[in-house]
Amino acid sequence: MKTYATLYLADDHQIVIDGLKLLIGSEEDIKIVGYANDGEAAHAGIRERKPDLALIDFSMPKMNGLEVIFSLRKMLPDTKFVILSMSENIRDIREAQNGGAKGYIRKNADRATLMHCLRAVLAGGTYFPDVKTIAAESEKQLFTPREIEIIKLVLDEYTSADIALRLHLSRTTIETHRKNINRKSGTNTPLGLSKFLLQHQIKF
C-alpha cells in the first residue's frame, strides 16, 4: 500500500527545481517522481507519470502552466495541479482558479507555507492567496510614504499648518500632497478619507 503522494515539478529555471527538491525531498509523505524545464516536457512527463500532484510554473516556454493544466485535467482527473508563480496579480490568481488549478503558491513562499499548500490540495482542498488582502495592499500602494504620513495626521485632525510644522515642510508642499491624496481617494474631507480607507480595507 502506497504511503506517500507523488509529485511532479515543472519550472523553466533549474535552480528553482533544485531548490524545491531540497525543500520537499526530506518529506516522508511526498515523493518527487519527475521534473521538467518547459511546458511540453511537463505535459509529456505528467501524462506518463500520472502523479497525485503537479507543481507547475505559471510561465514556461513552449506551453505555459495553465495550458498544461487545461490539456491534462480531463485526461488525468486524479492529478491535482498547483500553480507556482512570482506574480501576485489578482487576474493571474483568478485565471489559475478558473483554469483548473487547485492551488496557487508564490515562489517567495517559505517552506512551511509551501508544504501547507501542497498538503491542503492533496487532502482534497484548495489553496489560493487571499485576493481581498492583495487588493488592499495594491490600494495601499496608491499612496507614497509621505502621503501616508500626512494621511495619518489628517485623520488625527491636524491642520495643514500643523502638519507642515510637524514634518518640517512648507504649507504649500503639504497642500500639494493633500490635493494628490484627495484625487486618489476621490474625497476632500477627513471623514471621506476615513471611509475610503475603511471600504478598501487599507490599514497603515
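Each 5 Å bin from zero up to the one holding the largest Cα-Cα distance in region 135-199 carries the following percent of pairs: 4, 18, 32, 27, 13, 5, 1.
Mind running the shape call on region 73-125? Use the C-alpha gyration tensor, a ≥ b ≥ c as the square roots of the eigenvalues: rounded below 1.5 for a/c, prolate if a/b tops b/c, oblate otherwise.
On the way: a/c = 2.44, a/b = 1.17, b/c = 2.08.
It is oblate, given that a/c is not under 1.5 and a/b is not larger than b/c.
Once the Cα atoms are used to define both axes, helix 145-155 deviates from the longest principal axis of the chain by about 60 degrees.
Computing volume of the Cα convex hull per residue in Å³ directly from the structure and comparing it against (i) 137; (ii) 117; (iii) 154 singles out (iii). Exposure proxy for 156, 11, 78: other Cβ atoms within 10 Å of each Cβ, ordered fewest to most, give 78, 156, 11. Taken along the Cα-to-beta-carbon direction at a fixed 7 Å, the label points for residue 199 and residue 4 span 5.3 nm. Taking the charge dipole of region 135-199 about its Cα centre, with +1 at Lys and Arg Cβ atoms and -1 at Asp and Glu Cβ atoms, the residue from 165, 155, 181 reaching farthest to the positive side is 181.
With Cα atoms defining each centre, region 20-44 and region 139-202 are spaced 49 Å apart in the structure.
Counting alpha carbon pairs within less than 8 Å and at least 6 residues apart, what relative contact order, in whole percent, applies to region 36-177? If you can, show how the numbers build up before the last one.
Numbers: 155 pairs, mean separation 22.4, N = 142.
Once divided by the residue count of region 36-177, the mean separation gives 16 percent.
A dipole drawn for the chain from +1 and -1 charges on Cβ atoms has a positive end, and of 64, 202, 190 the residue lying farthest that way is 190. Straight-line reach from residue 102: which lysines fall under 27 Å, measuring Cα to Cα and dropping same-chain residues less than 8 apart? By straight Cα distance, residue 102 reaches 2, 21, 31, 50, 62, 74, 80, 132. Charges at C-beta only: +1 for Lys and Arg, -1 for Asp and Glu. How large is the resulting dipole of the chain about its Cα centre, in Debye rounded to 20? Using only the charged Cβ atoms, the result is roughly 480 debye. Relative contact order, whole percent, for region 21-69 stands at 32, derived from Cα pairs under 8 Å and 6 or more residues apart. Placing a pseudo-label 7 Å from each Cα along the Cα-to-Cβ vector at residue 26 and residue 108 gives an inter-label distance of 2.5 nm. What translational diffusion coefficient, in µm²/s and rounded to a whole number, does the Stokes-Einstein relation yield for region 21-141 at 20 °C and a viscosity of 1.002 mPa s, taking the hydrodynamic radius as the Kirkwood radius over Cα pairs? Diffusion coefficient, whole number: 145 µm²/s. Near residue 59, the amide H atoms lying under 5 Å from its own belong to 65; only residues 5 or more places off or on other chains count, and H is placed 1.01 Å from N. Remark on residue 54: its backbone amide H falls under 5 Å from those of 8, 80, 81, 82, a criterion applied only to residues 5 or more positions apart or on other chains, H modelled at 1.01 Å from N.
Along the charge dipole of the chain, Cβ charges K/R +1 and D/E -1, which of 109, 16, 44 sits furthest on the positive end? Working it through, the farthest residue towards the positive pole turns out to be 109. Listed by chain and number, the lysines whose C-alpha is less than 19 Å from the C-alpha of residue 179, apart from same-chain residues fewer than 8 away, are 140, 152, 195.
Bear in mind these aren't lab numbers, they're just calculated from the coordinates by the rules spelled out. All values derive from a computational prediction rather than experimental measurement. Methodologically, a virtual Cβ is constructed for each residue, glycine included, from the backbone with ideal geometry; neighbour enumeration extends over all protein chains shown.
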